[in-house]
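The values are calculated or read from the model by the stated rules, or taken from the named source; none is laboratory data. The model shown is predicted, which means the values in this text are computed figures rather than measured ones. As a convention, Cβ positions derive from the backbone with ideal geometry for all residues, glycine included, and neighbour counts pool all protein chains shown.
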């Protein structure tokens with residue numbers, strides 16, 4: 001019996017809570033509209049009584065008909081006009097907003113009905129209609145409320161005049177750049193509210209922030225499916241700006257913000273992760289970073305073949321996020337950026353898409369260049385990833401990626417030497433490990449793999465020429481020693497390619513536009529000494 005009573009009380013409590021939740025969206029607006037309408041009416045009546053006491057009501061007879069019946073009929077007709085226009089306004093706006101919601105995201109409806117300007121305009125129409133009813137039905141022959149009539153006429157006129165500006169506002173509001181900016185501003189306000197202590201419910205704040213991020217991500221994906229490149233790129237930029245603002249404020253957030261509440265496990269972006277991964281996300285404090293990068297990866301995967309400029313936009317914005325993480329020294333966010341760059345490469349290799357891998361490596365290298373200035377030790381990770389995915393591409397017959405990685409690593413080694421970072425020799429040794437012996441590639445695809453490995457050697461030779469120009473013969477000798485295992489025929493082939501390539505610009509349209517085999521004239525001259533070492537070694541061995 002006690003158990004049944006307790007169960008009944010629990011059910012009643014849940015019903016009360018449910019009723020409160022269901023009532024809250026409409027009770028508050030209802031009370032506000034009724035309260036405001038009657039407040040306006042009673043204030044105007046009070047002013048009317050003051051004017052009567054001061055014998056000033058006759059001033060209004062210059063504007064209004066003295067016949068009470070005519071005045072009442074006119075005002076009543078105008079009230080009907082306002083309600084008719086309100087109906088048209090709601091119908092037109094609802095159609096426009098619904099069309100935008102169908103195209104982009106259903107959350108646009110939520111944005112529209114919570115926008116203060118839209119609420120104010122619709123509220124104005126309703127208050128004008130209510131006030132017209134009250135004024136029309138309370139006019140008496142012995143007390144004509146002329147001030148109330150005048151104020152009501154002004155409300156009616158303003159309601160009519162505001163229709164076209166409001167339509168213009170709605171059309172502007174539904175432009176992607178405007179509602180995306182609106183969401184971005186709201187997201188930043190949520191973070192600022194948590195930092196300032198105005199928002200103490202961290203779970204609610206985090207949920208609102210992730211909903212805003214999901215909204216932008218949904219629009220990006222829908223735009224990819226519709227082939228709308230401009231809107232997709234706007235969404236990508238918005239996600240990047242949100243995460244940049246977040247990273248800039250991250251250190252000010254309370255420690256409890258980074259704790260997982262449990263709701264994250266039901267998020268589609270995290271539901272497939274193991275407990276270990278979720279623990280890592282919490283420990284590294286990268287929940288929001290993972291959320292945004294996960295959406296960027298989805299856009300990249302769905303656009304890399306059909307909308308390549310969108311995929312390039314994902315890579316560019318990922319690069320900018322990584323650089324932001326470098327500048328603020330956020331290791332968790334930087335590690336997250338590395339993981340997603342590696343995922344972009346894995347997707348490209350798995351789907352046999354060399355162009356996407358080619359573009360990914362360029363943006364990844366730029367991150368490495370920035371990292372050489374801030375934290376050169378971490379560039380060793382970048383060098384390892386380049387080597388790993390370059391060799392993975394070679395094994396999977398995704399051509400040209402290994403040599404692309406080689407030429408990017410050559411560039412990183414040049415910058416590392418110019419900056420005299422403490423680990424520039426370590427980076428050199430990692431670079432020399434990039435090529436795999438030809439013997440390991442026997443069988444199918446031998447010729448294509450040999451071409452890729454020759455491209456790797458060309459990049460290493462270019463670095464040797466750079467060292468010789470700088471007077472670093474010892475470093476050039478290290479590269480020479482590594483290449484002594486190559487047959488002389490291959491060395492001659494490399495030499496011919498370098499000395500016969502005189503055009504710096506590649507003869508096709510590519511994102512980089514440069515010819516990897518091109519070596520500037522002064523470096524070619526320096527390489528004559530480098531190749532002479534092989535000739536001397538050949539003579540010694542005869």
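Restricting attention to segment 191-213 and to residues that are within 18 Å of residue 295 (Cβ to Cβ) and free of Cβ contacts under 8 Å to residues at least 40 places away in the same chain, the residue that is surrounded by the fewest Cβ atoms within 10 Å (Cβ to Cβ) turns out to be 208.
With 325, 357 as the choices, which residue is touching a helix residue (DSSP H, G or I) at 6+ places or on another chain (Cβ under 8 Å), crowded, with 23+ Cβ neighbours inside 10 Å and touching a residue at least 60 places away in the same chain (Cβ under 8 Å)? The match here is 325. Flag: residue 160 matches the condition of being on the phi < 0 side of the Ramachandran plot, assigned to a helix (DSSP H, G or I) and either outside the structural domain of residue 33 (by TED's automatic domain parsing) or within 46 Å of the chain's Cα centre (by Cα) (or both). If you check 308, 304, which single one turns out to be farther than 20 Å from residue 376 by Cβ and surrounded by fewer than 18 Cβ atoms within 10 Å (Cβ to Cβ)? Only one candidate qualifies: 308.
Among the residues of segment 380-432, the one identified as crowded, with 20+ Cβ neighbours inside 10 Å and not in a helix (DSSP H, G or I) is 398.
For segment 167-184, check the following and say yes or no: at least one residue is loosely packed, with under 14 Cβ neighbours inside 10 Å and either in contact with a strand residue (DSSP E or B) (Cβ under 6 Å, 6 or more places away or on another chain) or part of a loop (DSSP other than H, G, I, E, B) (or both). Yes, that holds for at least one residue.
Do we have any residue at all in segment 454-475 that's within 27 Å of residue 367 (Cβ to Cβ), at pLDDT below 90 and out of contact with any strand residue (DSSP E or B) (no Cβ under 9 Å at 6 or more places or on another chain)? Taking every residue of segment 454-475 in turn, at least one turns out to be within 27 Å of residue 367 (Cβ to Cβ), at pLDDT below 90 and out of contact with any strand residue (DSSP E or B) (no Cβ under 9 Å at 6 or more places or on another chain). Here residue 435 meets the list (1) assigned to a helix (DSSP H, G or I); (2) under 27 Å from residue 523 (Cβ atoms) almost entirely, failing just condition (1). Within segment 276-287, can one find any residue that is within 15 Å of the chain's Cα centre (by Cα) and assigned to a helix (DSSP H, G or I)? Yes.
Residue check: is residue 519 over 40 Å from the mean Cα position of the chain (by Cα) and at pLDDT below 90? When the stated conditions are applied, residue 519 does not pass them. Against the list (1) buried (at least 18 other Cβ atoms within 10 Å of the Cβ); (2) farther than 18 Å from residue 402 by Cα, the condition residue 487 fails is (1). Within segment 216-238, the set of residues being over 9 Å from residue 180 (Cβ atoms) and crowded, with 23+ Cβ neighbours inside 10 Å comprises 217, 220, 223, 224, 232, 236. Only one entry in 221, 209 is part of a helix (DSSP H, G or I), under 22 Å from residue 113 (Cα atoms) and not assigned by TED's automatic domain parsing to the domain that holds residue 115, namely 209. Is it the case, given these coordinates, that residue 331 is surrounded by fewer than 18 Cβ atoms within 10 Å (Cβ to Cβ) and either under 20 Å from residue 215 (Cβ atoms) or over 13 Å from the mean Cα position of the chain (by Cα) (or both)? Criteria met by residue 331. In summary, residue 329 fulfils each of the numbered conditions (1) in a helix (DSSP H, G or I); (2) modelled with pLDDT under 95; (3) closer than 26 Å to residue 288 by Cβ with the single exception of condition (1).
Conditions (1) closer than 24 Å to residue 167 by Cβ; (2) modelled with pLDDT of 70 or more; (3) in contact with a strand residue (DSSP E or B) (Cβ under 9 Å, 6 or more places away or on another chain); (4) assigned by TED's automatic domain parsing to the domain that holds residue 162, marked per residue:
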position	(1), (2), (3), (4)
46	no, yes, no, yes
69	no, no, no, yes
75	no, no, no, yes
81	yes, yes, no, yes
104	yes, yes, no, yes
